[in-house]
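The values are calculated or read from the model by the stated rules, or taken from the named source; none is laboratory data. No experiment lies behind these values; they were computed from the predicted model shown. Cβ atoms come from the backbone with ideal geometry, glycine included; neighbour counts cover every protein chain shown.
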């Protein structure tokens with residue numbers, strides 16, 4: 001079943017969790033009261049209104065103020081529970097809130113969460129039918145060595161961007177019966193035509209699972225804990241044919257809607273070389289580095305439709321993969337990739353002490369090998385390492401059922417890197433269904449599934465180590481400022497062009513003279529161009545920050561088709 005999402009007329013009105021959907025969705029997005037203070041206690045008077053789910057640093061929030069380390073961001077929202085909504089339990093879900101937050105309902109502390117990128121929730125108690133007060137207290141330090149921060153900086157410029165804080169994804173209510181399904185994981189086996197579902201529920205009991213193609217049942221299973229289903233009638237999911245199937249889970253009075261795709265990710269071997277494989281067959285992955293920033297919303301797009309249309313535009317240009325760079329997205333972003341057939345490489349969010357400038361500047365030119373068990377030298381103390389692992393495991397848990405997600409990147413360019421081989425294998429034990437690029441770019445420790453290289457400022461010359469898949473995980477970075485679509489006076493890029501025709505010609509030449517030969521000569525099986533869109537000063541995108549294509553779309557489609565043919569020729573000779 002091919003899926004095209006339905007969109008709400010209200011901004012962010014779509015159900016935010018398509019992998020675990022109940023009918024009891026009630027959005028709390030909209031105008032909240034806010035205040036920024038140096039005092040931990042809630043203010044007697046709030047300073048104004050903020051539009052949730054936009055961070056206060058964004059123009060879209062209506063605030064445009066940077067939350068500083070040592071300050072507190074206070075939110076307040078009054079709400080009534082819709083009549084008939086409460087079925088026994090009511091939960092408040094947060095898609096993400098950066099960086100540490102505490103949540104209170106009607107003056108009662110519900111709990112806290114640490115980490116700015118992963119979802120969390122609290123059961124609401126005591127809950128009234130009318131006149132409930134929800135308060136959220138946030139602290140954030142974008143310079144902290146403890147938490148993941150991605151590319152956030154208090155001094156944005158070049159490859160570092162505006163620091164964000166507070167709520168930046170949807171906040172919503174959901175009601176369940178007293179006994180309910182807490183979570184579940186899908187383990188598809190495309191070769192065997194099987195689907196194993198591992199269910200965690202609030203109480204002991206049997207779960208009934210039905211797989212459907214549209215409204216037509218395909219198979220059914222019952223059990224407690226782990227249930228295996230025969231899904232051999234399902235077609236396999238691929239980027240060319242992104243087939244998705246509905247899954248309905250019933251536990252007592254609780255009913256949850258989800259979906260899955262039948263696919264496997266692995267490495268295939270041909271003539272002594274390793275290749276990325278989908279459903280057992282080698283596949284070339286042509287992708288873009290995707291930072292996930294927006295001019296008005298910073299971390300948050302103008303709408304869910306805007307996210308979908310961006311991914312659809314990437315697919316229309318012939319790319320079949322996005323590397324989500326040091327940021328997580330709302331669950332709907334991954335759902336749109338599943339629907340459209342775009343493979344996802346997911347970076348885990350980096351942290352640690354400030355990165356040494358000489359390493360960042362020298363690494364593209366000199367192979368600086370650093371012992372990543374030297375925690376002090378890598379800027380990682382014990383608390384920082386423990387927090388990274390917590391956030392990494394929360395990320396894997398949140399995205400485990402994503403159909404298109406095929407690869408995890410624990411560390412990028414040594415930013416906050418530590419014990420990369422051991423971390424990679426620890427995470428593989430949690431999610432053995434995907435591949436791992438343990439140290440993207442440089443500081444390769446010889447682990448993972450990918451011989452991963454970043455190439456800037458010089459010609460692409462690669463050597464296949466034959467133990468892992470050879471991937472060019474960042475390259476290019478060509479910059480061109482499209483008049484009327486540049487949002488900062490200061491501009492940054494790796495190689496600049498003043499005329500569109502020169503930019504288009506150089507882009508094509510880069511692929512034809514450096515990337516295509518590497519595919520045929522060295523067995524290159526993935527290439528990630530930097531980058532999808534401009535971000536603040538950095539104008540390396542093939543799209544502007546407001547998502548206007550700078551180059552020649554037809555030229556990009558021809559290049560991507562040429563990459564696919566070159567890869568097929570390479571396999572035929574092996």
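Condition (residue is over 26 Å from the mean Cα position of the chain (by Cα) and loosely packed, with under 15 Cβ neighbours inside 10 Å) applied to the range 65-76: is it met by at least one residue? Among the residues of the range 65-76, at least one is over 26 Å from the mean Cα position of the chain (by Cα) and loosely packed, with under 15 Cβ neighbours inside 10 Å, which makes the answer yes. Residues in the range 160-181: is at least one surrounded by fewer than 19 Cβ atoms within 10 Å (Cβ to Cβ), at pLDDT 95 or above and within 24 Å of the chain's Cα centre (by Cα)? No, every residue in the range 160-181 fails to be surrounded by fewer than 19 Cβ atoms within 10 Å (Cβ to Cβ), at pLDDT 95 or above and within 24 Å of the chain's Cα centre (by Cα). Could you list, ordered by first residue, the pairs with Cβ atoms under 7 Å in which the first is in the range 263-279 and free of Cβ contacts under 8 Å to residues at least 40 places away in the same chain and the second is part of a loop (DSSP other than H, G, I, E, B) and surrounded by 17 or more Cβ atoms within 10 Å (Cβ to Cβ), at least 6 apart or interchain? So the pair list comes out as 277/283.
Among the candidates 437, 431, 465, 449, which residue alone is modelled with pLDDT under 95 and within 25 Å of residue 279 (Cα to Cα)?
Details: 437 fails: modelled with pLDDT under 95; 431 fails: modelled with pLDDT under 95; 449 fails: modelled with pLDDT under 95.
Selected residue: 465, the only one of 437, 431, 465, 449 that is modelled with pLDDT under 95 and within 25 Å of residue 279 (Cα to Cα).
So which strands (runs of 3 or more DSSP E) are wholly in the range 437-504 and hold at least 2 residues that are crowded, with 20+ Cβ neighbours inside 10 Å and free of Cβ contacts under 8 Å to residues at least 24 places away in the same chain? Write out each step before concluding.
Values: elements: 450-455, 469-476, 478-480, 495-497.
So the answer is 450-455.
Of everything in the range 244-260, what is part of a loop (DSSP other than H, G, I, E, B) and touching a strand residue (DSSP E or B) at 6+ places or on another chain (Cβ under 7 Å)? Give them in sequence order. Hit for the range 244-260 is 244, nothing else. Of the residues making up the range 508-559, just one is in contact with a strand residue (DSSP E or B) (Cβ under 6 Å, 6 or more places away or on another chain), without any contact (Cβ under 8 Å) to a residue 60 or more places away in the chain and surrounded by 24 or more Cβ atoms within 10 Å (Cβ to Cβ), namely 541. Across the range 418-436, the number of residues qualifying as within 22 Å of residue 352 (Cβ to Cβ), in contact with a helix residue (DSSP H, G or I) (Cβ under 6 Å, 6 or more places away or on another chain) and part of a loop (DSSP other than H, G, I, E, B) comes to 1.
Which residues, taken from the range 162-183, are more than 30 Å from residue 142 (Cα to Cα) and either touching a helix residue (DSSP H, G or I) at 6+ places or on another chain (Cβ under 6 Å) or part of a loop (DSSP other than H, G, I, E, B) (or both)? Don't jump to the end; show me each part of the working.
Of the range 162-183, the ones more than 30 Å from residue 142 (Cα to Cα) are 174-183.
Across the range 162-183, the qualifying residues are 177, 178, 179, 180.
Taking residues in the range 179-204 that are on the phi > 0 side of the Ramachandran plot, and partners anywhere that are in a loop (DSSP other than H, G, I, E, B) and surrounded by fewer than 20 Cβ atoms within 10 Å (Cβ to Cβ), the pairs with Cβ atoms closer than 6 Å and at least 6 places apart or on different chains are 193/232. Of the helices (runs of 4 or more DSSP H) lying entirely inside the range 291-377, the ones with 2 or more residues being at pLDDT 95 or above and under 16 Å from the mean Cα position of the chain (by Cα) are found at 304-316, 331-340.
With the requirement that a residue be under 22 Å from residue 40 (Cβ atoms) and either at pLDDT below 95 or assigned to a loop (DSSP other than H, G, I, E, B) (or both), what does the range 125-148 give you? Walk me through it before giving the result.
Filtering the range 125-148 down to residues under 22 Å from residue 40 (Cβ atoms) leaves 133-144, 146-147.
Listed by number, the residues that qualify are 140, 141, 142, 143, 144, 146, 147.
It is to be established whether one or more residues within the range 266-289 are outside any strand (DSSP E or B), within 28 Å of residue 53 (Cβ to Cβ), in the same structural domain as residue 452 (by TED's automatic domain parsing) and under 18 Å from the mean Cα position of the chain (by Cα). Within the range 266-289 (the criterion being outside any strand (DSSP E or B), within 28 Å of residue 53 (Cβ to Cβ), in the same structural domain as residue 452 (by TED's automatic domain parsing) and under 18 Å from the mean Cα position of the chain (by Cα)), the answer is no, since none of the residues qualifies. Looking only at residues in the range 378-396 that are touching a residue at least 60 places away in the same chain (Cβ under 8 Å) and in a helix (DSSP H, G or I), the one that is surrounded by the most Cβ atoms within 10 Å (Cβ to Cβ) is 388.
Please determine whether any residue of the range 38-61 is exposed (fewer than 15 other Cβ atoms within 10 Å of the Cβ) and either within 28 Å of the chain's Cα centre (by Cα) or closer than 16 Å to residue 174 by Cα (or both). Yes: the range 38-61 contains one or more residues that are exposed (fewer than 15 other Cβ atoms within 10 Å of the Cβ) and either within 28 Å of the chain's Cα centre (by Cα) or closer than 16 Å to residue 174 by Cα (or both).
Being farther than 26 Å from residue 29 by Cβ and outside the structural domain of residue 98 (by TED's automatic domain parsing) is true of residue 213. Of all residues in the range 96-119, at least one satisfies being modelled with pLDDT of 95 or more, crowded, with 19+ Cβ neighbours inside 10 Å and farther than 28 Å from residue 355 by Cβ.
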